[in-house]
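Undergrad: Pasting a structure here, questions to come.
The values are calculated or read from the model by the stated rules, or taken from the named source; none is laboratory data. Since we're looking at a predicted model, the values are computed, not measured. Every residue, glycine as well, gets a Cβ built from its backbone with ideal geometry; the counts of neighbours run over all protein chains shown. With ligands, DNA and RNA removed, areas are computed over all heavy atoms of the protein, side chains included. Shrake-Rupley method; radii C 1.70, N 1.55, O 1.52, S 1.80 Å.
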Amino acid sequence: MAAPLLRHLSRTNVIARRTVLAFSKHNNDMQCRYLRNSKSLPPYLKEQVERRTKVGPEPKRHPSAFGCWNYDAELFAFGKRLGEDFDVDILREAFISRSYIEMEIEERKKVGVKTQIPDTSCNEELSIEGKQLIQKYLKAYLRFNFPYMFEEGICAICEYLMTTEILASVGKLIGVRDLIQSKHYPPTDEEMVDTFMAVVAAVAKSQTEERAGAFVVDFLVPRLVGKDINEMWKLDNPMGLLSAVLQSRGMASPESRLLWQTGCSSIMSLYHVGIYSDKELIGRSPGETLTIAEKQAAKEALKNLMKSDDSRPPFLSSSKVPLKSLDLEKKNPSADLLLKLYSQSDTSAQRATK
Amino acid sequence: MAHNRVVQWSTMSRIWWLYDAKYQCPFRSARIIAGYLQGQHKPIYHALSDVGDHVVVINSRHIAMREELWRTFTFSYHTGYAKGFSRTPAWRLHSMEPTMMIEKAVYSNMPGFLLRRKYMRRLHIYPDEEVPPEIIGNVCDQIQQIQKVPKRLDEYTAEEIQAFPKLFDWSEEYVIENISADKPKDTVKAAKK
């Protein structure tokens, strides 16, 4: 309700109305014949809504704008919330963005202060370092989980996890948004990503690289829940790759066979195609047409060979992966290389037959 | 072209089943066929969702009924006008329209709501073994018959009949019209007449 004016206070029934409105929740048995359904209340609320829609929503303000804000304490709490021991200076640097420095320089110029701010004090270097760390440990972790997967598949999963949306949302969820020193509030997605990567680098600098690796795995890998990791790698010719893989393993070339079909002359036709090698079923898949079913079956066979099929065991948690003793430089076999080798051997075999 | 998409397609597609009604009870067969038409054999079944399959019934002319049911079982109908009631015995209906018995039995075995007509459109009944190629080409599997098809006497060979265990031999004076060791088939035909 609006604040009562003095002339209202002099009218007894209005005072009674106020008290009734204030305590109507608790005093339902109070006798108030006209005052509980005040005729002035709906217009008042309507006016409030109209004014709010006219003005628009309130701009998002940084928590410090509300008064109670201690940046040092927040920084300290950030580290403790994540269970990491940060070096305060490194962490503080990780949260300073380029736009903040530019803004600061401009403001100082306006005031006439000539002190220089070193360019290195923003988080750009840290974020580059952090990006390398993230890629290194994510790939090592994925290779440990999928030792038979092709390097292209590993890279595709890593690329998916390194997209701006995912890194920005992870950063937002661990509470980076309010701590970033930036020109804008809320900060842009790019600033969030840079800051998250800088925080990873700060973990590595404050503690060890393995600790940063575990940090990365714990926060980024859960983003794969509900995602099809086999679809991240766009594979154009699965059958060609499959025959190359089978040849490299010394198995017979793939043969696709129609397992069963139904409704062929209806619009809901269905074909189940299986792929055999040495008379053994290595992959099968349904499809609307024979070509689609065969392509999908080849993909299924590749999934089975890479041991990333749907019935695979779940990801290991970072505590069960020996990140310290992992060989970070070792790579999985490359599909492109295999395809080149296979095509070369194929052409050489053709020459030999000629 | 995600793999999930084709798996979904496979789950929701309609399977075409074949049912051979030769020597089968139409009423008990209808319960099973109605279940397939409604999709009750699927894990995704729900009474309100249309996930049923197609069923192609062949040999509907050769259905079998126990006891005197061909004579005693009647189908009644009323035109809606005065004196419009009629009652037809099963043998008469079957001789007029050999697919009608199965159709009526399946129809009455399904719950009476709006999907029933849709389900019935997925039931294809043929009186004999001749099915159009565009229909039989869709079929991928067969529903198991509910009754064992009996072997008629004229389908046994003479050796099998001879080897059949006997409790006693007829005396030589006993005259048997139908069974003769020399010409078993002719005698059976004679028995039919």
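Undergrad: What dipole magnitude, in Debye to the nearest 20, does the range A:70-229 give about its Cα centre under +1 on Lys/Arg Cβ and -1 on Asp/Glu Cβ?
TA: Numbers: 19 positive and 28 negative charges, 35 e Å.
Computed about the Cα centre, the dipole is about 180 debye.
Undergrad: Right, another one. Within chain B, how many Lys pairs sit with Cα atoms under 17 Å apart, leaving out pairs fewer than 8 places apart on the same chain?
TA: Here the count comes out as 9.
Undergrad: Could you tell me how many degrees, from 0 to 90 and to the nearest 10, lie between the Cα long axis of helix A:189-206 and the main elongation axis, the longest principal axis, of the Cα atoms of chain A?
TA: 80 degrees
Undergrad: Dipole of the range B:3-142, Cα-centred, from +1 at each Lys and Arg C-beta and -1 at each Asp and Glu C-beta, to the nearest 20 debye?
TA: Here the range B:3-142 has a charge dipole of around 560 debye.
Undergrad: Label A:LYS279 and B:LEU167 with points 7 Å out from Cα along Cα→Cβ: what is the distance between them in nm?
TA: Output for this residue pair reads 5.3 nm.
Undergrad: Averaged over its residues, how many other protein chain Cβ atoms are within 10 Å of peptide A:295-301's Cβ atoms?
TA: The shielding value for this peptide is 2.
Undergrad: Grab the other residues whose beta carbon is less than 11 angstrom from that of A:THR163, score K and R as +1, D and E as -1, and report the net.
TA: -2
Undergrad: Can you classify the range A:98-239 as rounded, prolate or oblate using the Cα gyration tensor, where a ≥ b ≥ c are the square roots of its eigenvalues, rounded means a/c under 1.5, and otherwise it's prolate if a/b beats b/c and oblate if not?
TA: Because a/c hits 1.5 or more and a/b exceeds b/c, the range A:98-239 counts as prolate.
Undergrad: For peptide B:7-18, what's the mean number of Cβ atoms from other chains within 10 Å of each residue's Cβ?
TA: That average works out to 4.
Undergrad: Right, here's the next one. I need two numbers for the protein assembly as shown: Rg to one decimal and Dmax as a whole number, Cα atoms only, in Å.
TA: Cα only, the protein assembly as shown: 40.5, 142 Å (Rg, Dmax).
Undergrad: Right, here's the next one. In whole Hz, what ³J(HN,Hα) sequence does the range A:65-72 give by Karplus (6.51, -1.76, 1.60; θ = phi - 60°), x for Gly and Pro?
TA: So the Karplus estimates, Gly and Pro as x, are 5, 8, x, 8, 8, 10, 5, 4 Hz.
Undergrad: For chain A, what does the helix formula give at 222 nm: sum of -39500 (n - 2.57) over DSSP H segments with n ≥ 4, over the residue count, nearest 500 deg cm²/dmol?
TA: Numbers: 14 runs with 184 residues, N = 354.
Value at 222 nm, helices only: -16500 deg cm²/dmol.
Undergrad: Could you work out the relative contact order of chain B? I mean the mean sequence separation of Cα pairs under 8 Å and 6+ apart, divided by the number of residues, in percent.
TA: The normalised contact order for chain B reaches 26 percent.
Undergrad: Given the range B:3-142, what percent of its DSSP beta bridges are antiparallel, to the nearest 5?
TA: Values: 5 of 15 bridges.
Around 35 percent antiparallel, to the nearest 5.
Undergrad: Per residue, how much accessible surface does the range B:4-113 expose to a 1.4 Å probe? Answer in Å², no decimals.
TA: Accessible area per residue: 55 Å².
Undergrad: Sticking with this one: What part of the accessible area of the range A:197-354, given as a whole %, is carbon or sulfur when the probe is 1.4 angstrom?
TA: Working: 4550 of 8640 Å².
On the range A:197-354, the fraction of accessible area on carbon and sulfur atoms equals 53 percent.
Undergrad: Another one. Helix A:290-306 versus the longest principal axis of chain A: what angle, 0 to 90°, nearest 10, using Cα atoms?
TA: That helix lies at roughly 90 degrees to the long axis.
Undergrad: About the Cα centre of the protein assembly as shown, what is the dipole size in debye to 20, counting +1 per Lys and Arg Cβ and -1 per Asp and Glu Cβ, all else neutral?
TA: Rounded to the nearest 20 debye, it is 3000 debye.
Undergrad: Next up: Highest mean first, how do A:150-157, B:96-103 rank when packing is the count of other Cβ atoms within 10 Å averaged over residues?
TA: A:150-157, B:96-103
Undergrad: Could you work out what % of the accessible surface of chain B is carbon and sulfur, using a 1.4 angstrom probe and leaving DNA, RNA and ligands out of the count?
TA: 54 percent
Undergrad: Still on this structure, please answer the following. Could you tell me the relative contact order of chain A? Use alpha-carbon pairs under 8 Å, at least six residues apart, and round to a whole percent. If you can, show how the numbers build up before the last one.
TA: Details: 399 pairs, mean separation 57.7, N = 354.
Relative CO of chain A lands at 16 percent.
Undergrad: Which of the peptides A:162-171, B:19-28, A:210-219 is most tightly packed, and how do the rest follow, going by the mean number of other Cβ atoms within 10 Å of each residue?
TA: Result, highest mean first: A:210-219, B:19-28, A:162-171.
Undergrad: Okay, next question. Out of B:SER95, B:ILE146, B:LEU114, whose Cα points farthest toward the positive end of the dipole of the range B:87-167 (charges: +1 Lys, Arg; -1 Asp, Glu; placed on Cβ)?
TA: B:LEU114
Undergrad: Same structure, new question: Helix A:238-248 against the longest principal axis of chain A: what's the angle in degrees, Cα atoms only, rounded to the nearest 10?
TA: So the helix axis and the longest Cα principal axis differ by about 50 degrees.
Undergrad: For A:LYS131, list the lysines whose Cα falls under 28 Å from its own Cα; do not include residues on the same chain fewer than 8 positions away.
TA: Within the straight-line cut-off, A:LYS131 pairs with A:LYS80, A:LYS139, A:LYS172, A:LYS183, A:LYS205, A:LYS227, A:LYS234, A:LYS320, A:LYS324, A:LYS330, A:LYS331.
Undergrad: Could you tell me which of A:VAL170, A:LEU41, A:ALA73 has its Cα farthest along the dipole of chain A towards the positive end, charges placed at Cβ (Lys, Arg +1; Asp, Glu -1), taken about the Cα centre?
TA: Towards the positive end, the residue furthest out is A:LEU41.
Undergrad: Once Rh is set to the Kirkwood radius over Cα pairs, what Stokes-Einstein translational diffusion coefficient, in µm²/s, holds for the range A:235-312 at a temperature of 37 °C and a viscosity of 0.692 mPa s?
TA: Working: Rh = 12.7 Å.
Answer, rounded: 259 µm²/s.
Undergrad: Could you derive backbone 3J(HN,Hα) for the range A:256-273 from the dihedral phi with the Karplus parameters 6.51, -1.76 and 1.60 (θ = phi - 60°), listing whole Hz in sequence and x where the residue is Gly or Pro?
TA: 9, 10, 7, 7, 7, 9, 8, x, 5, 9, 9, 6, 9, 6, 9, 10, 10, 10
Undergrad: Same structure again: Using just the helices of chain B, give the 222 nm mean residue ellipticity in deg cm²/dmol: DSSP H runs with n ≥ 4 each add -39,500 (n - 2.57), and the total is spread over all residues, rounded to 500.
TA: The helix contribution divided over chain B gives -9500 deg cm²/dmol.
Undergrad: Rounded to whole Hz and in sequence order, give me ³J(HN,Hα) for the range B:154-162 from the Karplus expression 6.51 cos²θ - 1.76 cosθ + 1.60, θ = phi - 60°, writing x for Gly and Pro.
TA: 6, 8, 7, 7, 4, 5, 5, 5, 5
Undergrad: For the pairing of chain B with chain A, what total accessible surface becomes buried, with a 1.4 angstrom probe, in square angstrom to the nearest 100?
TA: 1700 Å²
Undergrad: Restricting to Cα pairs below 8 Å that are 6+ residues apart, what does the relative contact order work out to for the range A:114-231? Please round to a whole percent.
TA: Value for the range A:114-231: 39 percent.
Undergrad: Separate question: What are the residues whose amide H is under 5 Å from the amide H of B:ILE15, where those residues sit 5 or more places off or on another chain and H is modelled from the backbone?
TA: HN-HN under 5 Å from B:ILE15: B:HIS54.
Undergrad: Taking amide H atoms as placed 1.01 Å from N in the peptide plane, list the residues 5 or more away in sequence, or in a different chain, whose amide H sits under 5 Å from that of A:ILE282.
TA: A:ILE275, A:TYR276, A:SER277
Undergrad: With unit charges on the beta carbons (Lys and Arg positive, Asp and Glu negative) and the dipole taken about the Cα centre of chain B, which residue among B:ILE44, B:LEU167, B:TRP16 sits farthest to the positive side?
TA: So the residue we want is B:ILE44.
Undergrad: Considering every residue in A:263-276, what mean count of other chain Cβ atoms within 10 Å of its Cβ is obtained?
TA: Mean partner-chain Cβ count within 10 Å for A:263-276: 4.
Undergrad: Would you list which aspartates and glutamates come within 15 Å of A:LYS299, measuring only between C-alpha atoms, while excluding same-chain residues fewer than 8 positions from it?
TA: Here the aspartates and glutamates satisfying the reach criterion relative to A:LYS299 are A:GLU152, A:ASP228, A:GLU231, A:ASP236, A:GLU255, A:ASP309, A:ASP310.
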